[in-house]
Amino acid sequence: MSDCLFCKIRDGQIPAQITHRDDHVIAFKDIGPKAPLHELVIPTRHIASLTDVTLADTDLLGRLMVVASQRAKHSGQAGNGFRIVMNAGPDAGQSVHHIHLHVLAGRPLAWPPG
Ligand code: AMP
Ligand code: ZN
């Protein structure tokens with residue numbers, strides 16, 4: 001999608017610190033980290049919201065979760081635990097409309113989130 005920030009990161013039109021890239025999934029460092037480890041994991045294909053996925057996306061969603069877990073593990077910052085979050089819609093604070101998992105670690109993470 002031409003006006004999507006994360007599609008532009010995918011296409012190299014906006015710089016990002018990419019930490020993983022394969023045919024289906026990209027991970028990169030969040031520009032405003034909320035924890036010592038804060039990366040975003042996105043599908044290469046533009047999907048605006050979690051409300052837009054169907055069962056046909058099951059494999060892709062699984063891949064996002066596996067890459068997120070691997071990023072936590074390989075960061076060396078998640079030995080005491082980590083959190084994977086996807087915000088959907090305004091009440092959850094979704095600000096970029098290309099689905100993404102947040103991977104957070106490196107400090108105690110309060111529960112419930114705000
Ligand atoms: P959300 O509020 O769940 O939609 O999360 C969007 C995330 O994207 C926020 O944590 C932002 O800090 C992050 N973000 C926004 N612009 C960029 C960018 N250019 N590069 C990396 N992360 C970004
Ligand atoms: Zn997009």
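Here are a few things to note about the model shown:
- No other residue among Ile47, Ile42 is crowded, with 17+ Cβ neighbours inside 10 Å and in a loop (DSSP other than H, G, I, E, B) apart from Ile47.
- There is at least one residue in the range 79-88 that is within 15 Å of ligand 1 (Cβ to nearest atom), among the β-branched types (Val, Ile, Thr) and surrounded by fewer than 16 Cβ atoms within 10 Å (Cβ to Cβ).
- Filtered residues of the range 1-23 (kept if away from ligand 2 (no atom under 16 Å from the Cβ) and touching a strand residue (DSSP E or B) at 6+ places or on another chain (Cβ under 6 Å)): Gln17, Thr19, His20
- Residues located in the range 14-39, provided they are among the charged types (D, E, K, R) and assigned to a loop (DSSP other than H, G, I, E, B): Asp22, Asp23, Asp30, Lys34
- Search result, residues across the range 1-32 that are within 8 Å of ligand 1 (Cβ to nearest atom) and within 13 Å of Val103 (Cβ to Cβ): Phe28, Lys29, Asp30
Yes or no, residue by residue, for (1) closer than 23 Å to Leu5 by Cβ; (2) within 16 Å of ligand 2 (Cβ to nearest atom):
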site: Arg45; (1), (2): yes, yes
site: Thr51; (1), (2): yes, yes
site: Arg63; (1), (2): yes, no
site: Gly89; (1), (2): yes, no
site: Ala105; (1), (2): no, no
site: Pro108; (1), (2): no, no
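- The combined condition, being within 12 Å of ligand 2 (Cβ to nearest atom), surrounded by 13 or more Cβ atoms within 10 Å (Cβ to Cβ), closer than 25 Å to Ser75 by Cα and touching a residue at least 12 places away in the same chain (Cβ under 8 Å), is fulfilled by Ile26.
Read-outs: derived from the displayed coordinates by stated rules, not from any lab. Computed from a prediction, not measured in an experiment: that's the story for all the values here. Cβ atoms come from the backbone with ideal geometry, glycine included; neighbour counts cover every protein chain shown.
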